[in-house]
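Just so it is clear, none of the values below were taken in a lab; they were calculated from the coordinates. Not measured: the values here are computed from a predicted model. Here the Cβ is made from the backbone with ideal geometry for all residues, glycine too, and neighbour counts use every protein chain on show.
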Amino acid sequence: MADKNDPYPSFSQIHIHLSMSPVWDRVLSERALEIRKGEKTMKREIAKFSIQKVEYLDPSGNLAEDAPAVYGAVEGHAQLVEWYKMMVLGRVFDAKASNLQKTGQIGTYPSMEGQEAVGTGVASAMEDDDVLLTTYREHDARIRRDEEQEEAMTNILLCWGGDERGHKRAGRNRKDFPLCITIATHCGHAVGVAMAMKIRKENRVAVCMLGDGATSKGDVHEAMNWASVWRLPLVFVIVNNQYAISQPRKLQSGAETLAQLGVGAGVQFCKQVDGNDVIAMYEVTVEALERARSGQGPTVIEALTYRLGSHTTADDASRYRSAEEVEEARKNEPLIRLRLFLERVGVWNETNEVALQAECKERVEGAVKAYRNIIENHPQTVDDMFVHMHAKLPATLKEQLEIARAFSLDTTKEEYHGS
Ligand SMILES: Cc1ncc(C[n+]2csc(CCOP(=O)(O)OP(=O)(O)O)c2C)c(N)n1
Ligand SMILES: [Mg+2]
């Protein structure tokens, strides 16, 4: 029974009223006529999209005609030499870190071989007070962002050597986040960072680098949606290295490109970039950052690259992909093409290369020496497990810290505060 005091009719009352109403009958017959009139009213295109792919430097080292003019000039060449040096440093570091794992000096290590142009391009485009959030593989970006690059390398080794202080000190001079191993969870953090920037009306941007595999997780889509709705200053860089451990890209998404995942969330600027082309990576990131700074909201960049090494030192990629596939991918890798270009325009030669390799080895050895010194002479205390996560330790963790201290065999009371 309907409540007499209830001003609203019940659903069944409305239904009866409508179906008996001559007005409703007319509406229905007009609708039927409209349907019969056909496609014009029933099938209208109300949205469409296309994804642009950006590449300026091809695998043979040829610069595209539509590349920004600066790269054909002296100052552009000097910039490219700097990026090349950065990428070689990354490659030398990568090989050394993998070897340190083989000799038991660090626990595990995820190689970035073949992906150097992504991190170098992205980090070079960012301003100092922008905030970078990465996964565990973007060593190049982290090294590039640190004023003290040897120290950044030492930090990365500390992280993979199981020393929490590597996380704390990484990006010491920036507000960048520690590396994130839990897949895609940092996308939500990136939204929080960008939201704070927007609320505070800061002229800063958050940059979130994630993997192709990460896009299978809901976190990514929630983050893109939130960023789009609130027009956040946030740049997503999907590092599509074709694999999520053993799972190939085609098992991550049925979409033709990963860039278009942003379209569904309403992100206005979604681009695919040749991630082995540092010029394209830099230029597209600059454009995305400018858009974010001028209030035009988020961007999704898909960087097409290839993980030349195994997932980590604990993985053997030859079990799930062929040697031919890897050899083919090697032809496209980022360092060869840039070196070819630099040699062709006459700003690089074999002598420069030999000197650079030697310099990079020395710098990496310096970082390794510092790492060894810290773990041998200033080992971490049990406190280090707790103190890096929160500005103020929550009560529950305080309790656990006390228990851990009581059970710890650690006799070192000295706290390491950095060099
Ligand atoms: C939440 C979560 N689930 C599973 C894992 C295990 N895991 C580690 S790496 C990885 C694959 C990630 O692939 P992708 O996002 O493509 O990054 P890539 O390793 O290629 O850089 C997975 C599933 C994890 N670290 N976190
Ligand atoms: Mg991947």
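Table for the structure above
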| quantity | calculated |
| --- | --- |
| Global geometry of the range 157-230, whether rounded, prolate or oblate, following the gyration tensor of its Cα atoms and the 1.5 cut on a/c | oblate |
| Ratio of Rg to Rh over the range 340-391 (Cα coordinates, Kirkwood Rh, two decimals) | 1.36 |
| Net charge dipole size for the chain [Lys, Arg +1 and Asp, Glu -1 on Cβ; Debye, nearest 20] | 1300 |
| Using a Förster distance of 30 Å, the FRET efficiency for A391-A73 (Cβ separation, nearest 0.05) | 0.05 |
| For the range 397-406, Karplus couplings with θ = phi - 60° (6.51, -1.76, 1.60), whole Hz, Gly/Pro x | 6, 4, 4, 5, 4, 4, 4, 4, 4, 4 |
| Cα-projected label distance for T351 with R330, points at 7 Å along beta-carbon direction, nm | 3.0 |
| Packing-based exposure ordering (other Cβ within 10 Å, fewest first) of R405, R200, R249, R142 | R200, R405, R249, R142 |
| Sum of -39500 (n - 2.57) over DSSP H runs of 4+, divided by residues of the chain (222 nm, nearest 500) | -15000 deg cm²/dmol |
| FRET efficiency, 1/(1 + (r/R0)^6) with R0 22 Å, evaluated for T182 and A314 via beta carbons | 0.80 |
| Cα pair distances in the range 114-181, grouped into 10 Å bins until the bin that holds the longest one, percent each | 23, 60, 16, 0 |
| Whole-number percent relative contact order across the range 52-376, with pairs defined as alpha carbons under 8 Å at least 6 apart | 26 |
| Fluctuation leader among E55, E376, E283 - the chain, Gaussian network, Cα springs under 10 angstrom | E376 |
| Of E45, E327, E402, the one that fluctuates the most in a GNM where the chain has Cα springs shorter than 10 Å | E45 |
| Table column - 3J(HN,Hα) (Hz), the range 329-334, Karplus curve with 6.51, -1.76, 1.60, x for Gly and Pro | 5, 4, 5, 9, 5, x |
| Residue exposure sequence - M281, M209 - by fewest surrounding Cβ within 10 Å | M209, M281 |
| Extension gain from D58 to E290, taking 0.36 nm per residue of separation minus the Cα-Cα distance | 81.0 nm |
| Spherically averaged projected area of the range 296-391 from its Cα convex hull (nm²) | 13.0 |
| Fluctuation leader among L258, L304, L393 - the chain, Gaussian network, Cα springs under 10 angstrom | L393 |
| Percentage, to the nearest whole number, of Cα pairs in the chain over 40 Å apart | 29 |
| Spacing of the two label points (7 Å from each Cα toward its C-beta) at I403 and S253, in nm | 4.2 |
